[in-house]
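Worksheet: one structure, shown below.
Every number in this text was worked out from the coordinates using simple rules, so none of it is lab data. Because the structure is a prediction, the values reported are computed rather than measured. Here Cβ is always computed from backbone atoms with ideal geometry, including for glycine, and neighbour counts include all displayed protein chains.
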Number of protein chains: 6
Amino acid sequence: MRPSGRAPDQMREVRFEPGFTRHAEGSCLVSFGDTRVLVTASVEDKVPPFLRGKGQGWVTAEYGMLPRATHTRGNREAAKGKQSGRTQEIQRLIGRSLRAVVDLKKLGERQVVVDCDVIQADGGTRTASISGAWVALRIAIDKLLETGALTEDPIRTQVAAVSCGIYEGTPVVDLDYIEDSSAHSDGNFVLTGDGAIVEAQLTAEGATFDEEGLLRLLRLARVGCDEIFRGQLKAAGK
Amino acid sequence: MRPSGRAPDQMREVRFEPGFTRHAEGSCLVSFGDTRVLVTASVEDKVPPFLRGKGQGWVTAEYGMLPRATHTRGNREAAKGKQSGRTQEIQRLIGRSLRAVVDLKKLGERQVVVDCDVIQADGGTRTASISGAWVALRIAIDKLLETGALTEDPIRTQVAAVSCGIYEGTPVVDLDYIEDSSAHSDGNFVLTGDGAIVEAQLTAEGATFDEEGLLRLLRLARVGCDEIFRGQLKAAGK
Amino acid sequence: MRPSGRAPDQMREVRFEPGFTRHAEGSCLVSFGDTRVLVTASVEDKVPPFLRGKGQGWVTAEYGMLPRATHTRGNREAAKGKQSGRTQEIQRLIGRSLRAVVDLKKLGERQVVVDCDVIQADGGTRTASISGAWVALRIAIDKLLETGALTEDPIRTQVAAVSCGIYEGTPVVDLDYIEDSSAHSDGNFVLTGDGAIVEAQLTAEGATFDEEGLLRLLRLARVGCDEIFRGQLKAAGK
Amino acid sequence: MRPSGRAPDQMREVRFEPGFTRHAEGSCLVSFGDTRVLVTASVEDKVPPFLRGKGQGWVTAEYGMLPRATHTRGNREAAKGKQSGRTQEIQRLIGRSLRAVVDLKKLGERQVVVDCDVIQADGGTRTASISGAWVALRIAIDKLLETGALTEDPIRTQVAAVSCGIYEGTPVVDLDYIEDSSAHSDGNFVLTGDGAIVEAQLTAEGATFDEEGLLRLLRLARVGCDEIFRGQLKAAGK
Amino acid sequence: MRPSGRAPDQMREVRFEPGFTRHAEGSCLVSFGDTRVLVTASVEDKVPPFLRGKGQGWVTAEYGMLPRATHTRGNREAAKGKQSGRTQEIQRLIGRSLRAVVDLKKLGERQVVVDCDVIQADGGTRTASISGAWVALRIAIDKLLETGALTEDPIRTQVAAVSCGIYEGTPVVDLDYIEDSSAHSDGNFVLTGDGAIVEAQLTAEGATFDEEGLLRLLRLARVGCDEIFRGQLKAAGK
Amino acid sequence: MRPSGRAPDQMREVRFEPGFTRHAEGSCLVSFGDTRVLVTASVEDKVPPFLRGKGQGWVTAEYGMLPRATHTRGNREAAKGKQSGRTQEIQRLIGRSLRAVVDLKKLGERQVVVDCDVIQADGGTRTASISGAWVALRIAIDKLLETGALTEDPIRTQVAAVSCGIYEGTPVVDLDYIEDSSAHSDGNFVLTGDGAIVEAQLTAEGATFDEEGLLRLLRLARVGCDEIFRGQLKAAGK
């Protein structure tokens, strides 16, 4: 039995509030239950140095957590003077996930920086970030298409992410903080709207798992992502 | 005429949403028009090293701005590896303002860390932060009083802040971003619920002003703070 | 009664030693009693990036304190790897104060960097810095006028600063370290040679004050600055 | 056809040179073809702060790359003043992989720090690091068992890692630099000596893959790790 | 012919102004011609961690240069966030030089931190620093002897330093900035009051030298240090 | 009697393994007994900013020590976020030593970066680094001569370094860790193939020495360097 009373393949309530802030070209407050992440997509008319003059664009991401997003207050990374390894790992993952569904050539020589800031954390902040990031990116790109800055849509398909793990012997989807703390085997799957796997990260600290376990988690991830995909489309007004 | 059509002594809509996040002992989303700051108050059972064993507590503040809170995206301070001088100046101001209305002896050997994170900026982020910080602090202290951790209320009175400046020759209160960008003389006043001045900071880059101007701005600040004080009380359920 | 035996409106001995070092275009050792600050003004034929090609100049300031300028040795900021919030706050204040009396257009595309390094501290290091900075700047600009690099004087008027505070119930000017440590209400005023207020910063940690108090401090500041103005002119050979 | 002429399921030559340096409790120079990593295991009689007094030990890892390990010289991380996100991601992975096969309670209150320094890079530096790290750890633990500092072996089983990816349409094992640069789908598998999966990380930047692809890569990983396991045992003198 | 008109074995004017600042236990403004360094010696009742409980003291030094001590303004190390390699090399040299003449056991469990801050630079800042540091240390130790905190003098003898080099083919002592810039072979000698060599650092970038050259420079160093020793004694009131 | 049983003027076994890694233009694993340093020379077609457009090249060096090169593990400088003063002092010394034997004009507008990474330390890491650096540089330059990128050899002569010190009253050459730890007077000499002194650094912490001592150490250094010179030539295939 899950602490929240959810069925093993049941997601927490997934909500997207598009346009949560006004300055960004695209923005979205995404909630997976009590996990809430504010995502903004900022379009910049420049590309990173390694892409200058190559006729293509870039999509990158940054991730942060407000100090009291968590049960006990964490130190502010800006005050400590550096981002943790965990933060960097997550922002690299978000960036790769988005680039997997964007045609960077069609984007032209511009960069979209996606900022994911966790307002409140209850497990799954990276999967909520990826899922919300697609909505913010979609809105920002739609603006470029409306104004004619872009004539072809560079977004090939949707991308979403969800966590899965073995909680007290049962494979479950979308772990909340309590489940995440006690599960020894868990993973994050990033899937595309057309059914492909973009990223799969499985970790078994202490415990381990086998092919069968891996496939069972992946099946749960497909169920979870399908629900997220529907929410994304609705939020993006499609 | 103000760009927003407001009267010179008219505040933007001031709103406090107490309990915006659930982990912090006190929290509040404060809005001064389009300026929105998420404030959390975290109670910790320890004091900074310089106060250990002195039988008193401490209240301190940290301030941050989400990268895309502003019109164009700013660099993330955690990624740059240091907080700007502006950030440090503001968080020192917030901390001093709160301590001016708290009896640190009555607080006992504990620390309250107030985090002010700007979700959206449109001028006046430091004054909104101070005003919202009092609400978050009030809620957190009320919890300590309810549980009996504190028996006497360490908060002496309210504290609020507002900006004032000379916009196109006219003294106005609560400047928004457009006004702030063109005003050469402006200041921030921090006032207490019993009418005293805690902080006054006036700057005239390019222009200058005299005693008369200073007093006129202060009078506007009193009007503005009175409105904030009423909102704070309501938000704190008093 | 003040610990130093001074009258409430009596400054400490104010001295300016122009040309204290030889490499800088302008330099000055300023003393407010035992507070001694070495100020240099360096003229550079470049402007900060945000001003390039805009046909105007810039004046900026940096501030530092030698580790043993104080009663007990402080850590060297270069060794700690970062400047404190206090340091950054002060150097921003010095820069704004100087720019308030300089016509940046007339300065042309050059930058003057003013370094204020505290040799010995006994209260009022920031006000002594601002007051001495004007002398160093004046000397540096005079050289540019003499060599014909400048044909019009970009300095509109003098600028000076002094602290004021309530010491044991009495408003006093130019607080020394002992007074500063026990005064709960104090402030710094930056005034121009033609009588205008450039900056006013008042802080009441613990205590508070009202309009009447604010004006009384401002009146003391005028008296103090008048004495400083006379010293500046003499030091600059005017 | 692979650039090296290898069969799809053929590893590069895997070599372990135990005892490559003399000060460390355990050391090993591991080579996967031209990729060479110097691994040392240092035993320290203390644990990190979060484990003090908990009656258990810790195993952690650090990773670095000599500036000219690569085709073109990279900047030295010590000179840049920070470790890249990639470095941190890798060292976290190595640490988790080792801890998955170590009984931390049996280790007692001591820490083993494993340093993996890449002498020469040709793809697969993280998998070579993990594989060599087990050998260095094994040697260090054997010393503790010999001296009686430990009476029970805390290492439960072996751990090894190998990369797999789709190179020009064909699933291949142990990618070298040329293959790694052009493969869009690839992953790293960390497996234990008793056949379980500890970590699986798959990334498809640009391309994507499905369940079938995932399982095919995993099968290759098992073949590769079996060869590594044999080499590890021989190197550790088992 | 030397640019300054000095004879090859002629020092610049060497001056020591003891007690230049009042807070430090010992202080001294040392001048070697236009090179001027403010030295303070701070006595602290604690030792660095590696010496705790060992019944001995420590003497260490820090070195800094005011940004405009030089012909063109250098960046402030505190603003850059790190000390240069040159700075660290010099402060390590000063510390070693002082420790060579101090009996750390007799100093007891206390630390003397000597700060050398260059007010104006014209070549030889490190040798002036060492020479002035001895005076500041002497004054600080004398105070400890006077108050009875120390009963035995821990300073065994004097220590002084001077630079020597080959300028246009001629060995000269105490190089000023012009000589230093064009001399390819030069060195710094640290000598004790009883005639021993504590440190000798010779560098020949581009050029080189032989035993004969080395000894000739050392002979010049002896002449120069003798003059410095006399000045030190007088400044310390011996 | 030396702990190793060596005669006072006897070097440890000196070995050079050229071509130890394959990516660098020049590389060499140098051993002075148990001290082992991996040196690579990287040729870059750019010069540092201060040399741009001046028609000459540059040779610079970086130095590092693997965390467990030493008896007890040291902290990784990349993880600490800064290089120690010792590291910077050594890499500056290596760079100067190499530049003393290179005609930078003949090198053309290119830079050679020499990385010296200590694999195992047993005293004398800086002297081994310099000695091995010449071999790596020689190999790299030879490649430029072979390909015709250079037509004239910019290397004027060899350069090598060795430590000397007074161990239990006897002057000895090439101190190992045990000798180095107890010797109070020691130094490093950098000599050229044509007999000149490039650098001499002597330190006497606690003890001191005189001219006679200095010359005796220098004589030992000549003996040691002659042996190194022979090894370098053989390693470079001359």
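E:LYS46 label point (Cα plus 7 Å toward Cβ) to equivalent points in the other copies: 1.7, 1.7, 4.1, 4.4, 4.4 nm, shortest first. Springs between Cα atoms under 10 Å define the GNM used for chain B, and in it the highest mean-square fluctuation of B:GLN158, B:GLN111, B:GLN201 occurs at B:GLN201. Each residue of segment F:64-71 was assigned a 3J(HN,Hα) from its phi angle through the Karplus curve 6.51 cos²θ - 1.76 cosθ + 1.60 (θ = phi - 60°); the sequence is x, 10, 4, x, 9, 5, 9, 4 Hz, with glycine and proline shown as x. The Cα atoms of the protein assembly as shown give a gyration tensor whose axes a ≥ b ≥ c have a/c of 1.5 or more with a/b no greater than b/c, which makes the shape oblate. Between segment E:48-66 and segment F:108-138, what's the alpha-carbon centroid distance in Å? A separation of 32 Å, based on Cα centres.
Rounded to the nearest Å, what's the spacing between the alpha carbon centres of segment D:180-199 and segment A:169-208? Just the number, please. Taking the Cα centre of each part, segment D:180-199 and segment A:169-208 sit 16 Å apart.
Mean per-residue shielding of peptide D:177-189 is 1, counting Cβ atoms of other chains within 10 Å of each Cβ.
Of all residues in chain C, the one whose Cβ lies closest to the rotation axis carrying C onto A, together with that distance in whole Å, is C:GLY81, 5. Look at the Cα gyration tensor of segment F:1-103: its axes a ≥ b ≥ c give a/c of at least 1.5 with a/b over b/c, and that counts as prolate.
Annotation: the residues A:PHE20, F:PHE50, sorted from fewest to most other C-beta atoms within 10 Å of their own C-beta, follow the order F:PHE50, A:PHE20. Backbone amide hydrogens, once placed in the peptide plane, bring D:ARG110 within less than 5 Å of D:GLY57, D:TRP58, excluding anything fewer than 5 places away on its chain. Counted by neighbouring Cβ atoms within 10 Å, the residues B:THR87, C:THR35, E:THR40 run from fewest to most as B:THR87, C:THR35, E:THR40. So the label point goes 7 Å from the Cα of A:THR147 along Cα→C-beta, right? Which residues of segment A:42-70 then have their backbone N under 11 Å from it? A:43-45, by backbone N distance to the label point.
With +1 on each Lys and Arg Cβ and -1 on each Asp and Glu Cβ, how big is the dipole of segment E:1-137 about its Cα centre, in debye rounded to the nearest 20?
Working: 22 positive and 15 negative charges, 74 e Å.
Roughly 360 debye, rounded to the nearest 20.
Charging the Cβ of each Asp and Glu at -1 and of each Lys and Arg at +1, and nothing else, the dipole of chain F about its Cα centre rounds to 700 debye. Close amide H contacts of C:GLU25 (hydrogens built in the peptide plane, cut-off under 5 Å, sequence separation of 5 or more or a different chain): C:ALA41, C:VAL43. Across chain E, the longest run free of exposed loop sites, meaning GluC sites (Glu not before Pro) lying outside DSSP classes H, G, I, E and B with no more than 12 other Cβ atoms within 10 Å, spans E:14-151.
Per-residue mean of foreign Cβ neighbours for D:108-114 is 1 (Cβ atoms of other chains, 10 Å radius).
Can you tell me the mean projection area, over all orientations, of the convex hull of chain E's alpha carbons? Units nm², please. The Cα convex hull of chain E, projected and averaged over all directions, gives 13.4 nm².
Each copy carries D:ASP180; placing its label point 7 Å along the C-beta direction from Cα gives inter-copy distances of 3.0, 3.3, 4.7, 4.7, 5.6 nm, listed from smallest up.
Sorted from nearest, the other copies put their F:ARG15 label points 1.4, 6.2, 7.0, 7.0, 7.6 nm away, the label point being 7 Å from Cα in the direction of Cβ. Taking amide H atoms as placed 1.01 Å from N in the peptide plane, the amide H of A:VAL102 lies under 5 Å from those of A:ARG156, each 5 or more residues away in sequence or on another chain.
Which trypsin sites (Lys or Arg not before Pro) in segment B:41-88 pass both tests, a DSSP loop state and at most 13 other beta-carbon atoms within 10 Å? If you can, show how the numbers build up before the last one.
Working: sites: B:LYS46, B:ARG52, B:LYS54, B:ARG68, B:ARG73, B:ARG76, B:LYS80, B:LYS82, B:ARG86; in loops: B:LYS46, B:ARG52, B:LYS54, B:ARG73, B:ARG76, B:LYS82.
Listed in order of number, the matching sites are B:LYS46, B:ARG52, B:LYS54.
Going by neighbour counts of Cβ atoms within 10 Å, the residues A:VAL43, F:VAL198, B:VAL172 line up, fewest first, as A:VAL43, B:VAL172, F:VAL198.
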